[in-house]
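Note sheet for the following structure.
The values are calculated or read from the model by the stated rules, or taken from the named source; none is laboratory data. None of these values were measured; they are calculated from a predicted model. Every residue, glycine as well, gets a Cβ built from its backbone with ideal geometry; the counts of neighbours run over all protein chains shown. To get the accessible areas, we keep the full protein, side chains included, count just its heavy atoms, and leave off ligands, DNA and RNA. Shrake-Rupley method; radii C 1.70, N 1.55, O 1.52, S 1.80 Å.
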Amino acid sequence: MSALVKSSLARKWVMALSGLFLVIFLTQHFVINITSVISPDTFNEWSHFMGYNPLVQFVAQPILIAGLIVHFAMGIILDFQNRKARPIKYANYAGGTNASWVSRNMIITGLVVLAFLGLHMYDFWVHEMTVKYIDVQPEDPTRYFHELQAKFVSPIRVGIYVVSFILLAMHLWHGFNSSFQSMGAKAINKGDGLRKFTYAWAVLIPAGFIFIALFHHFTHTH
Amino acid sequence: MKLTLKIWRQANANAKGKMVTYPLDGIDGDMSFLEMMDILNEELITKGEEPVEFDHDCREGICGSCNMMINGKPHGPQKLTTTCQLHMRKFNDGDTITIEPWRAAAFPVIKDLIVDRTAFDRIQQAGGYVSVNTSGNTQDANSIPIEKAKADEAFHSATCIGCGACVAACKNASAMLFTSAKVSQYSLLPQGEVEATTRVQNMVRQMDLEGFGNCTNTGACMIECPKGIKLENITRMNREYLKAETIG
Ligand code: SF4
Ligand code: FES
């Protein structure tokens, strides 16, 4: 078992499992966000539940943060080790002819997503913590929709948001199907079914987030 | 045809190497890439210079020793082809061709284009075999019936010639395609099942010890492999390794 933790294959499993966990989280996040387009009341209700339910706050949220840290830290460690595995670079390397740009640059798309997460945490999470635990304001189950709309007023913010989600889509395009490859799923080599599903998901979910941002940007009432 | 060659020259393992440019004329499209290298070397020897050292043996695509990074691609531009089987007609008059050794911490340069690939031997020695009782009552391998599909798959994995192009192509210098082909060629067969658990554990451990990079599933290895070894082998090894480490 200790060999499993030290081995390169185990590191792939850690990347794959933490990545899949984040994929599930992203799906759940999307489902809540899309309600803001359909019904502000539902959005407020669900957001309030997520913000005040102790299970979400004190169990799910720490697990999520741990998952994020593991995925990012392991990604950076892997990249560092992989650079060390080729200390002298090629004078001429046609890497673009045998592998896609996204598969070769997961560290770049990953770091952009990490930077975006920093901003996102500052925007929403730090704000939440301030409202709840520092200013200790009374519970207001109707504030979320307005807060959401307010974030999407600035075209610069929306621009950053859109670019980040395009990069996230690129990251997921390789990462989602790659996680099944790392876990040894036979179906992933077949080129149909599972693989097509991962590609569709990698495009549709980030596109959905972008749609939500643009929707609020153009329809906000404040 | 007339060519400009840019070749990595390095006197020995400890020397600092550099790219050196050589003009070369009179190359025929029907010559193989190695014949072109032979002509260059004859010219260099005539001039009293050191010839370019490169590995080669069979010159028919089966030994896996003629390793060169040609214009940024292992074994050059032609798919499913080793350098010795590559012909100069794939190039044009006036072309500049860069020729470099495999680059990987686990494949140190010995001289010029020759790298030390004994890391592969050690991975193979760690588990790439089946233990057979040779005391005189050895069973005939053909006495165990094997499904055709499985036999074909195992045979295909076994066609890996251990050239190292997969490592050379991989942005991470990972040896997963080679190792997984060598694991698969046994584990797919009943004869290999007996040692399947320790085989995958030992071979993966050795692969990591040699300092190859981590696989990130870019698939470059499969595209550049002269024998068309498939990514399924890596998927299979991932699966077998987890099984070996958890269930045993
Ligand atoms: S898997 Fe292909 S590229 Fe790698 S060593 Fe074997 S034959 Fe060469
Ligand atoms: S010299 Fe043997 S494979 Fe090319």
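Quick notes on this one:
- Within segment B:59-83, residues that are at positive phi sit with their Cβ atoms under 6 Å from residues that are in a loop (DSSP other than H, G, I, E, B) and of a type in the set (Ser, Thr, Tyr), at 6+ positions apart or across chains, in these pairs: B:GLY61/B:THR82; B:GLY72/A:TYR93; B:HIS75/B:THR82.
- One residue alone among B:ALA181, B:ALA154 is on the phi < 0 side of the Ramachandran plot and more than 12 Å from ligand 1 (Cβ to nearest atom), and that residue is B:ALA154.
- Any hit, segment B:19-33, residues being within 13 Å of ligand 1 (Cβ to nearest atom), outside the structural domain of B:PRO226 (by TED's automatic domain parsing) and surrounded by fewer than 17 Cβ atoms within 10 Å (Cβ to Cβ): no
Yes or no, residue by residue, for (1) in contact (Cβ under 8 Å) with a residue 60 or more places away in the chain; (2) of a type in the set (D, E, K, R); (3) closer than 20 Å to A:VAL23 by Cα:
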site	(1), (2), (3)
A:GLY159	no, no, no
A:GLY175	yes, no, yes
A:PRO206	no, no, yes
A:ILE210	no, no, yes
A:HIS217	yes, no, no
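- Segment B:37-78 - residue that is among the aliphatic types (A, V, I, L, M) and part of a loop (DSSP other than H, G, I, E, B) and, of those, nearest to ligand 2 (Cβ to nearest atom): B:ILE62
- Verdict on B:GLY162 being within 16 Å of ligand 2 (Cβ to nearest atom), open to solvent by less than 30 Å² (accessible area, probe 1.4 Å) and more than 9 Å from chain A (Cβ to nearest Cβ): yes
- Exactly one residue out of A:ALA207, A:ALA150, A:ALA187 is open to solvent by 30 Å² or more (accessible area, probe 1.4 Å) and touching a Gly at 6+ places or on another chain (Cβ under 7 Å): that is A:ALA187.
- Annotation note: of A:LEU114, A:LEU148, A:LEU168, A:LEU172, the sole residue that is in a helix (DSSP H, G or I) and within 14 Å of another protein chain (Cβ to nearest Cβ) is A:LEU172.
- From the list B:SER180, B:SER184, B:SER174, the lone residue that is at the interface with chain A (Cβ under 8 Å from one of its Cβ atoms) and under 24 Å from A:LYS6 (Cβ atoms) is B:SER174.
- B:LEU34 meets all of the listed conditions (1) farther than 20 Å from B:CYS221 by Cβ; (2) aliphatic (A, V, I, L, M); (3) away from ligand 2 (no atom under 16 Å from the Cβ) but one, namely (3).
- Residues located in segment B:192-224, provided they are within 18 Å of the chain's Cα centre (by Cα) and more than 10 Å from every other protein chain (Cβ to nearest Cβ): B:MET203, B:GLN206
- Being among the basic types (Lys, Arg) and assigned to a helix (DSSP H, G or I) is a condition met by at least one residue of segment B:88-105.
- Residue satisfying all of: in segment B:157-172; within 8 Å of ligand 1 (Cβ to nearest atom) and assigned to a loop (DSSP other than H, G, I, E, B); nearest to A:THR97 (Cα to Cα) among these: B:GLY164
- The set of residues from segment B:196-247 being outside any helix (DSSP H, G or I), farther than 23 Å from A:SER179 by Cβ and open to solvent by less than 40 Å² (accessible area, probe 1.4 Å) comprises B:GLU210, B:GLY211, B:CYS225, B:PRO226, B:GLY228.
- Hey, B:LEU177 within 16 Å of ligand 2 (Cβ to nearest atom) and open to solvent by less than 10 Å² (accessible area, probe 1.4 Å) or not: no
- Residue that is farthest from A:ASP41 (Cα to Cα) [pool: residues in segment A:124-147 that are among the hydrophobic types (A, V, I, L, M, F, W, C) and loosely packed, with under 13 Cβ neighbours inside 10 Å]: A:ILE134
- Candidate set from segment A:90-111 (those that are more than 7 Å from chain B (Cβ to nearest Cβ) and either small (Gly, Ala, Ser) or open to solvent by 50 Å² or more (accessible area, probe 1.4 Å) (or both)); member that is nearest to B:PHE107 (Cα to Cα): A:GLY96
- Segment A:1-52 - residue that is surrounded by 18 or more Cβ atoms within 10 Å (Cβ to Cβ) and aromatic (Phe, Trp, Tyr) and, of those, farthest from the other protein chains (Cβ to nearest Cβ): A:PHE43
Residues are listed down the side, and each one gets a yes or a no for (1) within 16 Å of ligand 2 (Cβ to nearest atom); (2) open to solvent by 30 Å² or more (accessible area, probe 1.4 Å); (3) touching a residue at least 60 places away in the same chain (Cβ under 8 Å); (4) among the hydroxyl-bearing types (Ser, Thr, Tyr):
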residue: B:ILE99; (1), (2), (3), (4): yes, no, yes, no
residue: B:PHE107; (1), (2), (3), (4): no, no, yes, no
residue: B:SER135; (1), (2), (3), (4): no, yes, no, yes
residue: B:THR138; (1), (2), (3), (4): no, yes, no, yes
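- Condition met for B:VAL115 (modelled with pLDDT under 95, aliphatic (A, V, I, L, M) and either within 14 Å of ligand 1 (Cβ to nearest atom) or touching a Ser or Thr at 6+ places or on another chain (Cβ under 9 Å) (or both)): no
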